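Below is one structure, written out as C-alpha cells; comments come after it.
Bear in mind these aren't lab numbers, they're just calculated from the coordinates by the rules spelled out. Just so you know, these numbers come straight off a predicted model, no measurement behind them. Every residue, glycine as well, gets a Cβ built from its backbone with ideal geometry; the counts of neighbours run over all protein chains shown.
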Amino acid sequence: MTLASASVAFIVNSLVTLDSTKLRSAYSFKLEAAAPVTVTLLCLSAASCIGFLLFQNLFYEDYIHSKYPADGADPRETYTGARYALILTFSGAGFLFFLAAYLILAVWMFV
C-alpha cells in the first residue's frame with residue numbers, strides 16, 4: 001500500500017512539475033501517456049490493501065470476542081470460508097493491481 005501510494009504521488013508530481021517551455025525527453029512523453037492507466041491501477045492496489053487491512057482486523061476482532069460455550073456442545077465459528085476467501089481476494093487483488101501497473105508502465109515506457 002505504501003509503495004502504491006508513493007508511486008501515485010511520484011507520477012502525479014512528475015506530471016505537475018513539467019515545464020512546457022523546456023525541451024522534453026521521449027520518456028517524459030511516454031510517462032505522460034502511461035500515467036492514467038498506471039495511476040488507476042495503483043489506486044486500485046492501494047484500495048484493495050486498505051480493504052484487506054479493514055476486513056482482516058474486523059474478522060479477527062469478531063473471532064476473538066465471540067463467546068464459546070464452556071461445554072463445547074454448540075461451538076460458534078465466526079471465521080468462515082467466505083471470510084477467508086474475501087481476505088485472500090483483497091490481498092491478491094492488491095498485489096496483482098500493483099504488479100499490473102508496473103508491468104504496463106514498463107511496457108509503455110521501454111517498448
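Taking 22 Å as R0, compute the FRET efficiency from the Cβ-Cβ separation of residue 6 and residue 60 and round it to 0.05.
For residue 6 and residue 60, the calculated efficiency is 0.20.
Give me the angle, in degrees from 0 to 90, between the Cα long axis of helix 26-64 and the longest principal axis of the Cα atoms of the chain, rounded to the nearest 10.
Helix 26-64 and the main axis of the chain meet at about 10 degrees.
Convex hull volume of the Cα atoms in the chain, per residue, in Å³?
87
Return 107, 16 ranked ascending by Cβ neighbour count within 10 Å, so the fewest neighbours appear first.
Fewest-to-most ranking of 107, 16: 16, 107.
Between helix 81-110 and the chain, what is the angle of the helix's C-alpha long axis to the longest principal axis, kept within 0 to 90° and rounded to the nearest 10?
Long axis of 81-110 versus the principal axis of the chain: about 10 degrees.
What angle, in degrees between 0 and 90 and rounded to the nearest 10, separates the Cα long axis of helix 2-16 from the longest principal axis of the Cα atoms of the chain?
With rounding to tens, the tilt is 20 degrees.
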